[in-house]
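The values are calculated or read from the model by the stated rules, or taken from the named source; none is laboratory data. All values reported here derive from a predicted model rather than from experimental measurement. Note: ideal-geometry Cβ built from the backbone for every residue, glycine included; neighbour counts use all protein chains shown. Just the protein is used for accessible areas: all its heavy atoms, side chains included, with ligands, DNA and RNA removed. Shrake-Rupley method; radii C 1.70, N 1.55, O 1.52, S 1.80 Å.
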Amino acid sequence: MAHSISTFLLFPSLFYLSFMSSAAPADSHIPYSSASTQIKFWSPNVLNKMPESISSKLSPLTNQDSDYYAEKITEDNFSADTDFCSRSRLACSSGADAYVTALVYNKYGGAIPPLEKVDQFSFFRLSTLKEGNVIRLSNLKVSLPYRAFLPSQIASKIPLTSKGLTKIFPQSSKEDIETTLYYCNAAAIKGELKVCPKSLEEMINFSKSALGKNKLLALASKSTQGSGSELKIKRIKQYNVQKIVACHEMYLPFATYFCHSLPSTQIYAVEVVEPSTGAPVNTVVAVCHMDTSAWPEEHVAFKIVKLGPGQGEVCHWLSEIDVAWIAGGE
């Protein structure tokens, strides 16, 4: 069961369907803030700018606040109060109903929903990615509450267990927390490396380790413009890699991702325009899994592309809250 659930996490377009936008400039964050610390960690490790989906989640805490809460959170009686949640810009009293109900499999590995309830443009073959082709873009918009990253010295002290999280965040939805933990703890499929990083720094370090590189590039779809619309492919850029780390945002009271690395994966930046006028619309990242032999036969992607396991590649788009990492030199 866990095997199947983990496999479904390969495909964010099933349950929450960002090329690059400008990062928030370093001088927009006050010196000695946690955000400045996160930017300083990014700079020597990632060769390009932060996607907006990352820069918008930088921690608002001062370093003094961060040091204070890093000590407090280890105390037995610590519970996230309104002040901590407000200062940290967390979602301590909300859940993620839209996200949870959109999962293709429920958290116990239940039945796949009817095919008509799944975006028919979520998956496609590599042959779709041809300049001049008119395609229908799947929905890149996602309904998740806003949450900032926690500073690493705080996040590192939060256990990824139901007991630990509900103790620290008693007002958060226990069911939604447990759903996220179910995916985080699911067994990896063949060739997969996976983790649920609790901080931006942990996400970058995992990606470096999984890719075996000291420098990274972060790739994300530019925006959600054109979601659900017919668009023409103007230009395609293929990145010369066979291995990526894909990170998909999950629900916890603080910004958290499910990250995994799989071999035999190709990644593209696809520039799309209005078919009639040629006006630019978006640049969207497409990920193509070239080896589907480990996927379950009942996977909904096979119903859409009309293949079976190992019979061909399957591609999907990155949503507004997804980010992919590739080697950036060295």
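Would you call Ser172 buried (at least 21 other Cβ atoms within 10 Å of the Cβ) and more than 28 Å from Pro296 (Cβ to Cβ)?
Criteria met by Ser172.
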TODO: Using the structure shown, decide if Lys190 is open to solvent by 40 Å² or more (accessible area, probe 1.4 Å), basic (Lys, Arg), farther than 23 Å from Glu271 by Cβ and not in a helix (DSSP H, G or I).
DONE: yes
Open item on the list: Which of the numbered conditions does Glu201 fail, given that it passes all the others? Conditions: (1) outside any strand (DSSP E or B); (2) more than 22 Å from Pro44 (Cα to Cα); (3) within 22 Å of the chain's Cα centre (by Cα); (4) not hydroxyl-bearing (Ser, Thr, Tyr).
Closed with: (2)
Open item on the list: Suppose we keep only residues that are over 18 Å from the mean Cα position of the chain (by Cα) and not polar (S, T, N, Q) within the stretch 48-66. Which one would you say is least open to solvent (accessible area, probe 1.4 Å)?
Closed with: Leu61
Open item on the list: It is to be established whether one or more residues within the stretch 207-224 are closer than 14 Å to Tyr257 by Cα and part of a helix (DSSP H, G or I).
Closed with: yes
Open item on the list: Looking at the structure I just gave you, is Ala269 modelled with pLDDT of 90 or more and among the hydrophobic types (A, V, I, L, M, F, W, C)?
Closed with: yes
Task: strands (runs of 3 or more DSSP E) contained entirely in the stretch 241-330, each with at least 1 residues that are open to solvent by 10 Å² or more (accessible area, probe 1.4 Å) and farther than 24 Å from Leu193 by Cβ - done: 265-273, 280-289
Task: Count of residues meeting criterion [among the polar types (S, T, N, Q), over 18 Å from Ile54 (Cβ atoms) and either crowded, with 17+ Cβ neighbours inside 10 Å or modelled with pLDDT under 95 (or both)] in the stretch 147-161 - done: 1
Task: Residues that are of a type in the set (Ser, Thr, Tyr), touching a helix residue (DSSP H, G or I) at 6+ places or on another chain (Cβ under 8 Å) and within 25 Å of Trp295 (Cα to Cα), drawn from the stretch 160-210 - done: Thr179, Tyr182, Tyr183
